[in-house]
Amino acid sequence: MRDLVLTVLKKWLHLEHETDVDVILATAVASLFPGERLWLFVIGPPGSAKSELVRGFRGPSVYTLDNMTDSTLVSGFHGKRDNSILPALNNKLLVVKEFTPLLTKSHDKREAIFSQLRAIYDGTYSTAYGSGAGRREYNVSFGMIAAVTPAIDQHRAIHSILGERFLSLRLQTNAQKSIDGTEKNHQQEQQMRAEIGAILEAFMSYYKETGVQHLPQRTPDMQKLKGLALTIGQLRTPVHRDYRGQLHFTPVAEVGTRLYKQLLLLSQALILIGAYDYSVIEGVARDCVLPDRLKVFDHLQAQESTIPDVATGCRLPRSTASLYLEDLWLLDLAQRRLDGNQYIYSLTQ
């Protein structure tokens, strides 16, 4: 089925890396089986085909939303009828075509939906209603794929509240090839979406109807996954500063246990669809880290450096390079020594 999906997608879209599709398909498949599910941000700039890659999912196992607000999932009661869609999501794949508009909402509205999602991911969401409806508890579990632009990286609150719940896939794009590829679907968007939707619906039905009740229990590289989760858990931990950039408390690094389970489940789903490769898992894990912090980390893997060295090597403002170097030091990923009037940074063991 994977090859059939790729054939249809390649007919209409430029795919810089087939493995991007593999991650999306594996996330969708994981929603069909008992146990924990995967939540995935598909991150790409406007025009990167991220919406076309996710909007095609449909059928009885899929629930699609154009966007989300703080009252989308839990809407309250109309008389005695609960209008919330949350119960309808149980054991399905939720697809949010565009998560970016949520980032433009007021701080309070963003916090409300982020807090909802955090509780829902863990399986239970409780709330209280007026008008005699009382307290309501929802026990649900569902997979989720949400398309969003890189603007999400500007919202540190998301990384601190939702970061450990979502994996991330940063689409690799080639602007010129993507523009050239628009000739394939120019004025044929309706047919394109119909064909992509049909093959993705068939894909979901195939794995739901094959009778496979469990994902593969053993996967290759389990020890490597543990080490990867440990490092990435530390590397993606937010460091909170005030509006002046002042640090008020030392950050405590994420342990990485949840991340390990997510990467393991992604591995199992990739095996099931015939697309497992450890480099794919490593790529998704790295995509969970803020890109500029990751660049600084990679730079230090090659050589110990001063702040000006990192700023030049990573093409970052010196203040930004200094900030991320301090992050790595605070998270015990880097060490520093004073040489004259400047620090020299290197990675810890």
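The values are calculated or read from the model by the stated rules, or taken from the named source; none is laboratory data. All of these numbers come straight from a predicted model, not from anything done at the bench. Glycine also receives a Cβ, built like all others from the backbone with ideal geometry; neighbour counts cover every protein chain displayed. In case anyone asks, the SASA skips ligands and DNA or RNA and just uses the protein heavy atoms, side chains included. Shrake-Rupley method; radii C 1.70, N 1.55, O 1.52, S 1.80 Å.
Listing for the model above:
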quantity: In segment 206-239, the residues that are open to solvent by less than 40 Å² (accessible area, probe 1.4 Å) and closer than 24 Å to ILE271 by Cβ; calculated: TYR207, LEU215, PRO216, THR219, MET222, LEU225, GLY227, LEU228, ALA229, ILE232, GLY233
quantity: Criterion (closer than 22 Å to GLU195 by Cβ, open to solvent by 20 Å² or more (accessible area, probe 1.4 Å), assigned to a helix (DSSP H, G or I) and of a type in the set (Val, Ile, Thr)) met by exactly one of THR7, THR27; calculated: THR7
quantity: ALA119 vs. criteria in contact with a strand residue (DSSP E or B) (Cβ under 6 Å, 6 or more places away or on another chain) and surrounded by fewer than 20 Cβ atoms within 10 Å (Cβ to Cβ); calculated: yes
quantity: Flag if PRO45 is part of a helix (DSSP H, G or I), of a type outside the set (Ser, Thr, Tyr) and either surrounded by fewer than 17 Cβ atoms within 10 Å (Cβ to Cβ) or at pLDDT 80 or above (or both); calculated: no
quantity: Cβ pairs under 7 Å, 6+ apart, first in segment 207-223 and at positive phi, second of a type in the set (Ser, Thr, Tyr) and modelled with pLDDT of 80 or more; calculated: ASP221/TYR278
quantity: Tabulated pairs, segment 82-105, first closer than 15 Å to ASN139 by Cα, second outside any loop (DSSP other than H, G, I, E, B), C-beta under 6 angstrom, 6+ apart or interchain; calculated: LEU86/TYR138; LEU89/TYR63; LYS92/TYR63
quantity: Tabulated pairs, segment 256-279, first among the β-branched types (Val, Ile, Thr), second open to solvent by 30 Å² or more (accessible area, probe 1.4 Å), C-beta under 8 angstrom, 6+ apart or interchain; calculated: ILE271/PRO216; ILE273/MET1; ILE273/ARG2
quantity: Test: residue in segment 281-301 that is among the polar types (S, T, N, Q), more than 21 Å from the chain's Cα centre (by Cα) and exposed (fewer than 15 other Cβ atoms within 10 Å of the Cβ); calculated: yes
quantity: Any chance ARG193 is part of a loop (DSSP other than H, G, I, E, B), under 24 Å from LEU102 (Cβ atoms) and either modelled with pLDDT of 70 or more or in contact with a strand residue (DSSP E or B) (Cβ under 9 Å, 6 or more places away or on another chain) (or both); calculated: no
quantity: Filter result (in contact with a strand residue (DSSP E or B) (Cβ under 9 Å, 6 or more places away or on another chain), in a loop (DSSP other than H, G, I, E, B) and among the aliphatic types (A, V, I, L, M)) within segment 238-257; calculated: VAL239
quantity: Residue tally, condition assigned to a helix (DSSP H, G or I) and out of contact with any Ser or Thr (no Cβ under 8 Å at 6 or more places or on another chain), over segment 86-118; calculated: 16
quantity: All positions within segment 306-318 that are in contact with a Ser or Thr (Cβ under 8 Å, 6 or more places away or on another chain) and either within 17 Å of GLN335 (Cα to Cα) or surrounded by fewer than 19 Cβ atoms within 10 Å (Cβ to Cβ) (or both); calculated: ILE307, GLY313
quantity: Sole exception among (1) within 26 Å of THR100 (Cα to Cα); (2) at pLDDT 65 or above for ASN139, by number; calculated: (1)
